[in-house]
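Beneath this line is the structure, given in structure tokens, with notes to follow.
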Amino acid sequence: MSLLQIEGLHMAIHGQPILRDVSLSLARGEVLGIIGESGSGKSMTAFSVMRLLPRGAGCLGAVRLDGRDLLQLPERQMNNIRGRMVGMIFQEPMTALNPLKTIGDQVAETVRLHEGLSRRAAWDRARAALARAELPEESFPLTRYPHELSGGQRQRVVIAMAIACRPALLIADEPTTALDVTTQAEILNLLRRLVQEEGCGLMLISHDLAVVASMADRIAIMRAGEVVEQGPTAEILRQMQHPYSRALRAASAHAPERGAVATGETLLNCDGVVRDYALPRGLLAAPQHFRAVDGVSFTIKRGESLGLVGESGCGKSTLTRAILGLEPLQAGRIEISGQPINANGHVDPAIRKHMQVVFQDPYGSFNPRHRVERLICEPFHLWDDPPVGAARDKAIADALEAVGLSVADRHKFPHEFSGGQRQRIAIARALITRPDLIILDEAVSALDVSVRAQVLGLLADLQGRLGLTYLFISHDLSVVRSITDRVLVMKAGKIVEEGETRAVFDAPAHPYTAQLIKAAPRLPEGVGG
Amino acid sequence: MGRFLIRRLLGLIVALAVASVVIFLCLEVVPGDPAAYMLGVNARPDTLAALRAELGLDGSAVQRYFDWIGGMLRGDFGISYTYRTPVSGMIVDRMWVSLPLALYALGLSVAIAFPAGIWAASRRGSAADLGVMGVTQLGVAVPNFWFAMLMVLLFAIKLRWFPSGGFAGWDEGLFAGLKSLTLPAIALALPQASILTRVMRSSLLDTLGEDYIRTARAKGVSRRRAIWAHGLRNALIPVLTIIGLQFSFLLAGAIIIENVFYLPGLGRLVFQAISSRDLIVVESVVLLLVFAVIAVNFAVDMAYGLVDPRLRGRR
Amino acid sequence: MKGLWLGAILVSVFVGAALLSLVWVPYDIIQMNMAQRLQGPSWPHPLGTDHYGRDMLSMIMLGARTSIAVALVAVGIGMGLGVPLGLTAAARRGGWIDEIVMRGNDLIFAFPSLLIAILITAIFGASAVNAIIAIGIFNIPVFARLVRGGALSLWTRDYILAARVAGKGRARISIEHILPNLTNLLIVQGTIQFSLGILAEAGLSYVGLGAQPPVPSWGRMLADTQTMYSIALHLALVPGLSILLTVLGLNLMGDGLRDLLDPRVRRAAR
């Protein structure tokens, strides 16, 4: 008999249907991967099992755990199930822990609630649970507070809380989405090991087909509140019958056509760039600095697409801001077309004209009170004689058409567009002054896979047509691999490896690069389009 | 922690020093000179000269400032010009009314607001919640001195449960003293309790929407326990800020309320001093009240450290 | 939404009365009429008469003018000085201007408006203008802090970075991108400070630090009747309820506007 049996689950919030006829099953020792894009209802399925739904939610159908229908249980009994029978791990480890309680107390709480142990005994169990989650007491005392731990370490505390009572079912809702690649690999390994050692069932929810493919015995694909396909992993990956599943797989393995050729002329030159931040200093202590960018040198040729890869905190964002002339440098110089950026603390508009930027967040990139035409014309501020009248109209129309939007969109406000469309508007804004260099700062990281594939395609197409130069910054190796000619790998403020993208990915020279590539989840061979 | 404390203490001392300079300068710009101002237009030249000498007006302003502060530090606040008694003695006497009144009111405010706020938040959207919100909406809008007048009419004049004004004095026993402070304290506490209830409610609701509450619920923590064990302490952080700010409003409000009830507190003293143009008393009392406000906000800062381990850390 | 309407109606009644009093009041309130003193509500005097036989309705209308004018100008002072200070402090975060603005704010926060009023009165004497200054000074740090906080969070937005990449200076960005996105916040806080101003003005007038005779004010009407409201309750009820209802109306409007203008709340309500 299966451990978890979801039968014909319907769920609605304030009458708005969220889940439709979801049926899934999961056995002990098995990993069930649930995949889908944002809004597909995958997380809500998990919260329905936990009965932790938002206010105004109502469920129909059955959720059987060991044969008992959880939807019929009174709240009091449900409290005995949560934590004891079912443990849950969440997406955002930075906010998932109570900031005012020690990690020992928080893990021990699970045991104290369900087994009524004394404080001492509960702490012993918490110690053991944290050790199983690979946070040994010698390095991470139980008296630590969450703010003293990194994101990956906090996620381990959440895992320890979930497994403290050795539940039969673990639910992990995007457990690694907020983490770096190497940490993601560690957490996934930990989850895999726990399933093997403790024989529990794992329901793993993710938007990332590669993550799920590497973990799951069986996969369910969800879309718009429905399960569109499910079956054993190998079979699903081979067949993928539903059009949505195919699109998802194609998008996950997408590599846009590229035809740009670098000319050999140097466009951007960074030479020994250093950026220090002053740390908050003690009363009498000497001032201390944190070196965010530590002697970085590289060049970009005209027409080239250069990738900059690194994990969070490696200094890639600071470097980006320095290139944009938004950060003062402590040493070194940055030149574009031979002219120094930020020579005397002030950047000349004539130099700024050479570059534009596209940011990660499609929602924070625009002043919500301005219309599209005003938004995309903002870079004209750099020109001495910005176009007016018909010339301005033509520039707006050209830019919008170039990114696949219609001219009529110029009168709309940003909130009238989807995330992918907004990223197109951001690209239009970057294009409108025809800069030489466009910096793409995690420009597709916030997008769902299928939308991401379209935007990457657009970027590749634009580069071919307009002869643009890209500096493509990302934490996502697969994205960088698909769209760049050369790649830089950054770690702790330094460039540790540089080379042709293909060569670096096939035969990394630096151990850190090798570690990154190894950690990145990949779809099995033979899957792709 | 030690460094954090030293830093805050230094900040406190600087704030106190700047506040004292501001008050001193305010009274320096009095039209004419302070002596002429205090005595009015019909002053005789010899009294004027005597007061000038007493105030040290012949010396430089810097000299007078340091004399004033130096005296304060030794507990010498000067001699009241109208009453011819040491200001320090007067202030101490009045403090025994004003301070218990402010604390009484603060205690009432917290004692009402915490349960009411928690109750409303834990029953969000219910009739109880709406009722609490409605009452607090009124409580925030009521001018406290008017509310005091109505209470006097009902509880003192009609029902004769409480005295209508005046202060029995602590010599009559704790009960008699508290009894004469009860109506004033309720009047002072009503708007503050209303504000605090609303802050408590919204802060707790915000906290209950946090991810870690969901994490706790996923461990099997009941809704009730999630509020008490996880929500409340986190919700307390903004509430503490408001309590700190409220203390200054309570002090200021007490100045008015003391006038409704004819209580011999610092507020009455200040008004009498203003009408008799006794600048020595005015500047000392104002400085004292400002010091109290700064000190309370300092204490609130310290309390953050107790509640929030993130502030205890390195900085 | 009901709250917003109720609030708007209450506020417009009193603002209307204040505006009407500029051109017309039912009775002259300088004239005493001892034969008519302490009368309860009647047709000729809908709100009764006071201890000098003056018409209470006329007094309330003129008092509304004083209260609203004082509170409104005080909000104006607070916004006029606080908003530019807050914007500048945020644009130069961590710089010396920021430091001065923030320390100055802390300092003013240590002086409740009543203490400022006491200091000013002790020096210059009591008047409505001094009440305005006292309340206005206290409003400055309120707005400066609000604007600085709001602006700091906006400065981290990508669209601000985009504007900087487009070569726009800090002052221009503050006016073009930051301030328009803070208007909702300012409208809501302005309403709240307005209502606090009405309460503060009433308190100051009540203890004699506000408007002086013959300028009528609600606070002083209450102070004047202190000895006789037990025999003629309407003397206390009429001005007190006027303050209460005006403040209540403004608070309801503030809450309603917050719900209306805050997109997060709006989305949840849909």
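The values are calculated or read from the model by the stated rules, or taken from the named source; none is laboratory data. The model shown is predicted, which means the values in this text are computed figures rather than measured ones. We place every Cβ from the backbone using ideal geometry, glycine too, and count neighbours over all the protein chains shown. With ligands, DNA and RNA removed, areas are computed over all heavy atoms of the protein, side chains included. Shrake-Rupley method; radii C 1.70, N 1.55, O 1.52, S 1.80 Å.
Among the DSSP beta bridges whose two residues both lie in chain A, what percent are antiparallel, rounded to the nearest 5?
Bridges in chain A that DSSP calls antiparallel: roughly 55 percent.
Of the heavy-atom accessible surface of the protein assembly as shown (probe 1.4 angstrom), what whole percent is carbon and sulfur?
Of all accessible area on the protein assembly as shown, carbon and sulfur atoms account for 59 percent.
Taking all protein chains together and a probe of 1.4 Å, list B:Asp171, B:Asp278 from the most accessible to the least accessible.
Largest to smallest exposure gives the sequence B:Asp171, B:Asp278.
At q = 0.10, 0.15, 0.18 Å⁻¹, what is the base-10 log of I(q)/I(0) for the range A:37-170 according to the Debye formula with one equal point scatterer per Cα and no solvent? Please give it to two decimals.
After summing over all Cα pairs, the log10 values are -0.36, -0.77, -1.02.
Excluding same-chain residues fewer than 8 positions from A:Lys394, which aspartates and glutamates have a Cα within less than 16 Å of its Cα?
Once the sequence-local aspartates and glutamates are set aside, what remains near A:Lys394 is A:Glu373, A:Glu378, A:Asp385, A:Asp409.
Given axes a ≥ b ≥ c from the Cα gyration tensor, I'd like to know whether the protein assembly as shown is rounded (a/c under 1.5), prolate (a/b larger than b/c) or oblate.
Prolate is the answer for the protein assembly as shown, as a/c is 1.5 or above and a/b outweighs b/c.
Roll a 1.4 Å probe over the protein chains and send me the accessible area per residue for the protein assembly as shown in Å².
Here the per-residue accessible area is 42 Å².
When only C-alpha pairs under 8 Å and at least 6 residues apart count, what is the relative contact order of chain B, in percent?
Across chain B, relative contact order equals 26 percent.
Tilt of helix B:232-260 relative to the longest C-alpha principal axis of chain B, in degrees (0 to 90, nearest 10)?
Taking Cα atoms only, the helix is inclined about 40 degrees.
For the range A:19-86, just the Cα atoms, rotate onto the principal axes and tell me the three extents in Å, largest first.
That works out to 34, 33, 20 Å along the principal axes.
Could you give each residue of the range C:32-45 its phi-based ³J(HN,Hα) in whole Hz, using Karplus coefficients 6.51, -1.76, 1.60 with θ = phi - 60°, and x for Gly or Pro?
For the range C:32-45, the Karplus-derived couplings read 8, 9, 5, 5, 9, 6, 6, 7, x, x, 8, 4, x, 10 Hz, x marking Gly and Pro.
Of B:Leu73, B:Leu16, B:Leu196, which has the largest mean-square fluctuation in a 10 Å C-alpha GNM of chain B?
The residue that fluctuates most here is B:Leu73.
For the range C:98-104, what does the Karplus curve 6.51 cos²θ - 1.76 cosθ + 1.60, with θ = phi - 60°, yield as ³J(HN,Hα) per residue in whole Hz, taken in order and with x for Gly and Pro?
4, 4, 5, 4, 5, 5, x
What quantity of accessible surface, computed with a 1.4 Å probe and excluding non-protein components, is buried in total between chains C and A, in Å² to the nearest 100?
Buried area (both sides, nearest 100 Å²): 1700 Å².
If a/c stays under 1.5 just call it rounded; otherwise compare a/b with b/c (prolate if a/b is bigger, oblate if not). Do that for chain C, with a ≥ b ≥ c from the square roots of the Cα gyration tensor eigenvalues.
Taking the square roots of the gyration eigenvalues as a ≥ b ≥ c, chain C is prolate.
As a test of the definition: with a 1.4 Å probe, what buried accessible area, both sides summed, do you compute for B against A, in Å² to the nearest 100?
2600 Å²
Let me check against my output: what whole-number percent is the relative contact order of the range A:1-145, with C-alpha pairs under 8 Å and at least 6 apart?
Relative contact order here is 20 percent.
Please report the antiparallel percentage of the DSSP beta bridges confined to the protein assembly as shown, to the nearest 5.
In the protein assembly as shown, approximately 55 percent of DSSP beta bridges are antiparallel ones.
Do any of A:Lys491/A:Lys518; A:Lys42/A:Lys518; A:Lys412/C:Lys168; A:Lys301/A:Lys491 go past 18 Å between their Cα atoms, and which?
Long pairs (Cα-Cα over 18 Å): A:Lys42/A:Lys518; A:Lys412/C:Lys168; A:Lys301/A:Lys491.
Counting each DSSP H run of 4 or more residues in chain A as -39500 (n - 2.57), what helix-only mean residue ellipticity at 222 nm follows after dividing by all residues, to the nearest 500 deg cm²/dmol?
That calculation yields -10000 deg cm²/dmol at 222 nm.
For the range A:66-87, list whatever residues lose no less than 10 Å² of accessible surface once every protein chain is in place, relative to that chain by itself, with the probe at 1.4 Å.
In the range A:66-87, residues shielded by partner chains: A:Glu75, A:Asn79, A:Arg82, A:Gly83.
With a 1.4 Å probe on protein heavy atoms only, tell me which residues of the range B:112-148 lose at least 20 Å² of accessible surface in the complex relative to the chain by itself.
Residues of the range B:112-148 that lose at least 20 Å² of accessible area once the other chains are added: B:Arg124, B:Gln137, B:Leu138, B:Val140, B:Ala141, B:Pro143, B:Phe145, B:Trp146.
Is chain A best put as rounded, prolate or oblate by its Cα gyration tensor, with a ≥ b ≥ c the root eigenvalues, rounded for a/c under 1.5, and otherwise prolate when a/b is larger than b/c, oblate when not?
Prolate shape, in that a/c is at least 1.5 and a/b is the bigger ratio.
Round to the nearest 10 and give me the degree value, 0 to 90, for the angle of helix B:87-122's Cα axis relative to the longest principal axis of chain B.
Tilt of helix B:87-122: around 20 degrees.
Rounded to the nearest whole Å³, what is the per residue volume of the convex hull around the Cα atoms of the range B:1-137?
Per-residue hull volume (Cα only) is 214 Å³.
Under 5 Å between amide hydrogens, which residues at least 5 positions from A:Gln330 or on another chain qualify, with H placed 1.01 Å from N in the peptide plane?
Excluding prolines and chain starts, which carry no amide H, the hits are A:Val274, A:Arg275, A:Asp276.
With springs only between Cα atoms under 10 Å, which of C:Ala223, C:Ala163, C:Ala71 fluctuates most in a Gaussian network model of chain C?
Per the Cα network of chain C with a 10 Å cutoff, C:Ala163 tops the list.
Among the chymotrypsin sites (Phe, Trp or Tyr not before Pro) in the range C:1-77, which ones are in a DSSP loop with at most 12 other Cβ atoms within 10 Å of the Cβ? Mind listing them?
C:Trp24
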